[in-house]
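The values are calculated or read from the model by the stated rules, or taken from the named source; none is laboratory data. It should be emphasised that the depicted structure is a prediction, and the values quoted were computed from it without experimental measurement. Using ideal geometry, Cβ is built from the backbone for each residue, glycine included, and neighbour counts are taken over all protein chains shown. Note: accessible area is taken over every heavy atom of the protein model, side chains too, but ligands, DNA and RNA are not part of it. Shrake-Rupley method; radii C 1.70, N 1.55, O 1.52, S 1.80 Å.
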Amino acid sequence: MTPGVESYHQQHLDKNPAGYCGPPTAQEVFVSMMRARIAPALRALGFKGSGQVLELPHPASWALLRFQRSAYNTAGHVEFTVNVTATGKTSWAQARERLPHLPARPDPNVVYGPAAWHSRIGSLLPAAQDTWWTISPKSDPSRTAGSVMAAITGYALPAIREQLPS
């Protein structure tokens, strides 16, 4: 079994000790990869949060990552990308005064125009094209997680830091 399948299987057996779970779906492999590999790696870099939205705490700015899954995912494959947002908290508060429908914290999956800097991770990579990773039940999630983390640490994090005040 691949590491993602083993991890998923062990988690399922922990929850259901009497039952065989069968092979995981792509969605289950994705969730397991996020919990076991990507979220801990991001927390080690200082990010906080859970699920698919993580924040790099900064007293004067919002710096956020959000993992966006495709609307066309199936049990057999999950495609996802990473959206990146950064903005000063003061400028965000001013934008909210003008536009009260804005949320208290920006959502990295939404483009707010001049109110917040936003990028899809693919735009930050050397090829500068939209980038989506694919997970299947047979994927090696450690390889995918490594690729995602290399893109975040090598390109998204430096871009975020450029947006933060010194």
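The table for this structure:
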{"item": "Accessible surface of the chain, 1.4 Å probe, proportion on carbon and sulfur as whole %", "result": "54"}
{"item": "Lys/Arg +1, Asp/Glu -1 at C-beta; the chain dipole; positive extreme among V111, P40, A60", "result": "A60"}
{"item": "With DNA, RNA and ligands ignored, accessible area of T81 (1.4 Å probe; Å², nearest 10)", "result": "0"}
{"item": "Given [x] 11.0; [y] 12.7; [z] 8.8, the label whose value is mean projected area of the Cα convex hull in nm² derived from this model", "result": "[x]"}
{"item": "Surface accessible to a 1.4 Å probe, V31 within the full protein complex, Å²", "result": "50"}
{"item": "Computed accessible area, E162, all protein chains, 1.4 angstrom probe, square angstrom", "result": "150"}
{"item": "Part-to-part distance (alpha-carbon centres) for the range 17-75 and the range 96-138, which is given in Å", "result": "16"}
{"item": "Computed E for Y72/S166 - FRET, C-beta separation, R0 45 angstrom, nearest 0.05", "result": "0.60"}
{"item": "Solvent exposure of the chain as accessible area per residue, Å², 1.4 Å probe", "result": "52"}
{"item": "Using alpha-carbon coordinates, inclination of helix 141-151 to the longest axis of the chain, degrees", "result": "20"}
{"item": "The range 22-90: C-alpha pair distances exceeding 15 Å, %", "result": "58"}
{"item": "Helix 89-98 vs. the chain, principal-axis angle (Cα, 0 to 90°, nearest 10)", "result": "70"}
{"item": "The range 62-73 - phi-based ³J(HN,Hα) in whole Hz, Karplus 6.51/-1.76/1.60, Gly and Pro as x", "result": "9, 9, 10, 10, 9, 8, 9, 8, 5, 6, 9, 5"}
{"item": "Binned Cα-Cα distance frequencies in the range 70-166 - 10 Å width, integer %", "result": "14, 38, 30, 15, 3"}
{"item": "Given charges at beta-carbon only (K, R positive; D, E negative), |dipole| of the range 47-166 in Debye", "result": "180"}
